[in-house]
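Trainee: Provided herewith is a single structure, encoded as structure tokens, for subsequent inquiry.
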Amino acid sequence: MYISSLSLANFRNYTSEKIEFSPYTNVIYGDNAQGKTNILEAVYIFSQGRSHRAKSDKELIKFGEDFSRLSLDFHDSDRDYTAAMQLMKNGRKNIKINHVQITKLSKLMNYLNVVMFSPEDLELVKGSPSARRKFIDSSVSQLYPRYLTSLIDYHKALGQKNSLLKVLRAKGAKSDMMLSVWNEQLAAEGEKIIKYRTDFVKLINDFSAAIQNEISGEKLQISYMPGMRASGDDKDSIYEYLEKNQRREIDLASAQVGVQRDDLHITINGSEAKIYGSQGQQRTSALSMKIAQADYIHHIKSEYPILLLDDIMSELDINRRMYLSQKIRDKQVLITSTDTDLIESTDNTKLFKIKNGSVVREEN
């Protein structure tokens, strides 16, 4: 899988630009605050349907304009695709793939697969559980639209349940039939989510362990840590466990158990990485997990995703930088950097200098 071109109109600080990429390494460089990351963000949006950093689409529209237009030409082993997106200041979003309207996010995410590497990813091991859940969700959702649908339905039901719990606490209630209705829906969707997450973690553990061993010779172990202690992972067991926690959840006015509290347990050489791992070990493990994310997508689809590296090379030491360079050499990668000396260049490398929202193609 690779991208051949990206066009931007009124996107962030870009008025009008078209970029034609190499199927291999593309270095997007320049000073800070010139718009390098905006290019990666535009590609990411076509994969995930939303920005990885903006709270709303309105932030993506160039200041003073009413809309933004983006188009992307990309290819896999089967066919060619043209994707087009229009973002409106009123919050509307129009997306088409090969001139066919896309109305559901779950339909969009199955076309273009990307893996984003950013400095924040190096906090994956020692950061919050929400970062690790996002790591799982961004991987699985790209490949299985049904997973994303279950995830959306689960969180809708969870929001309704939390609203009800606040009302029940205010009333001093001890239980409620409607709470059981929401628990039933959470159990049904939770069963599906757990199955997908369990299968993902098994594969990502195998891939990450092999990569970690190659980089440092250490033993990395990643295991799934459910956000509840139900007797099983089937719908009935989950429902029973949720029902047992009704009283406590009413007292606290929020859901205390469920897949929204899932996490990953990560160990290095048998010790918990978050607590006992050195900064170097934690960063190596996070890098291993992100590379494994790309390997996971390739394993399922037989297509490597596009790799987006946002100023990541400056955060790595020479050994990890060299290892990553070797892993990405034959894949399409878009790299942002202020320093091109940090990036290994080949005959297939394209250089793009960014200055104040303008792109200049330069010879390698």
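Trainee: Just need a number here: residues in the stretch 132-147 that are aliphatic (A, V, I, L, M), modelled with pLDDT of 95 or more and either open to solvent by 10 Å² or more (accessible area, probe 1.4 Å) or touching a Cys at 6+ places or on another chain (Cβ under 8 Å) (or both).
Mentor: Counting residues in the stretch 132-147 that are aliphatic (A, V, I, L, M), modelled with pLDDT of 95 or more and either open to solvent by 10 Å² or more (accessible area, probe 1.4 Å) or touching a Cys at 6+ places or on another chain (Cβ under 8 Å) (or both) gives 0.
Trainee: Do we find that Arg169 is more than 22 Å from Val257 (Cα to Cα), open to solvent by 70 Å² or more (accessible area, probe 1.4 Å) and in contact (Cβ under 8 Å) with a residue 12 or more places away in the chain in this structure? Don't jump to the end; show me each part of the working.
Mentor: On the way: more than 22 Å from Val257 (Cα to Cα): no; open to solvent by 70 Å² or more (accessible area, probe 1.4 Å): yes; in contact (Cβ under 8 Å) with a residue 12 or more places away in the chain: yes.
For Arg169, the condition - more than 22 Å from Val257 (Cα to Cα), open to solvent by 70 Å² or more (accessible area, probe 1.4 Å) and in contact (Cβ under 8 Å) with a residue 12 or more places away in the chain - is not met.
Trainee: Continuing with the same structure: Could you check how many residues of the stretch 251-268 are more than 30 Å from Val167 (Cα to Cα) and touching a Gly at 6+ places or on another chain (Cβ under 9 Å)?
Mentor: Here is the first cut: in the stretch 251-268, the ones more than 30 Å from Val167 (Cα to Cα) are 264-268.
Checking which are touching a Gly at 6+ places or on another chain (Cβ under 9 Å) leaves us with 266-268.
So the count comes out to 3.
Trainee: Residues of the stretch 88-121 being without any contact (Cβ under 8 Å) to a residue 60 or more places away in the chain, touching an Asp or Glu at 6+ places or on another chain (Cβ under 9 Å) and crowded, with 19+ Cβ neighbours inside 10 Å, which ones?
Mentor: none
Trainee: List pairs: first residue in the stretch 204-215 and without any contact (Cβ under 8 Å) to a residue 40 or more places away in the chain and over 15 Å from Tyr296 (Cβ atoms), second residue open to solvent by less than 30 Å² (accessible area, probe 1.4 Å) and not in a helix (DSSP H, G or I) anywhere in the structure, Cβ distance under 8 angstrom, at least six positions apart or on different chains.
Mentor: Correct list of pairs: Asn213/Leu220.
Trainee: For His52, only one of the following conditions fails: (1) more than 17 Å from Lys355 (Cα to Cα); (2) loosely packed, with under 14 Cβ neighbours inside 10 Å. What is its number?
Mentor: (2)
Trainee: Moving on to the next point. Restricting attention to the stretch 172-209, and to residues there that are of a type in the set (Phe, Trp, Tyr), under 20 Å from the mean Cα position of the chain (by Cα) and open to solvent by 30 Å² or more (accessible area, probe 1.4 Å), which single residue is nearest to Asp137 (Cα to Cα)?
Mentor: Step by step, filter the stretch 172-209, then rank; the result is Tyr196.
Trainee: Which residues, taken from the stretch 122-162, are within 18 Å of Gly190 (Cβ to Cβ) and of a type in the set (Val, Ile, Thr)?
Mentor: Matches in the stretch 122-162: Ile136, Val140, Thr149, Ile152.
Trainee: Kindly evaluate Asp73 against the criterion of being over 20 Å from the mean Cα position of the chain (by Cα), charged (D, E, K, R) and buried (at least 16 other Cβ atoms within 10 Å of the Cβ).
Mentor: The answer is yes for Asp73.
Trainee: Mind listing whichever residues of the stretch 9-43 are of a type outside the set (Gly, Ala, Ser), open to solvent by less than 10 Å² (accessible area, probe 1.4 Å) and in contact with a strand residue (DSSP E or B) (Cβ under 7 Å, 6 or more places away or on another chain)?
Mentor: From the stretch 9-43, those of a type outside the set (Gly, Ala, Ser) are 10-15, 17-21, 23-29, 31-32, 34, 36-41, 43; that's our starting set.
Keeping just the survivors that are open to solvent by less than 10 Å² (accessible area, probe 1.4 Å) gives 11, 14, 19, 26-28, 39-41, 43.
Of everything in the stretch 9-43, those that are of a type outside the set (Gly, Ala, Ser), open to solvent by less than 10 Å² (accessible area, probe 1.4 Å) and in contact with a strand residue (DSSP E or B) (Cβ under 7 Å, 6 or more places away or on another chain) turn out to be Phe11, Tyr14, Ile19, Asn26, Val27, Ile28, Ile39, Leu40, Val43.
Trainee: Moving on to the next point. For the stretch 51-69, what are the residues that are within 26 Å of His298 (Cβ to Cβ) and touching a residue at least 24 places away in the same chain (Cβ under 8 Å)?
Mentor: Selection gives His52 alone.
The values are calculated or read from the model by the stated rules, or taken from the named source; none is laboratory data. The shown structure was predicted, so the numbers you read here are calculated from the model rather than taken from an experiment. Positions of Cβ are backbone-derived with ideal geometry, glycine not excepted, and every protein chain shown enters the neighbour counts. To get the accessible areas, we keep the full protein, side chains included, count just its heavy atoms, and leave off ligands, DNA and RNA. Shrake-Rupley method; radii C 1.70, N 1.55, O 1.52, S 1.80 Å.
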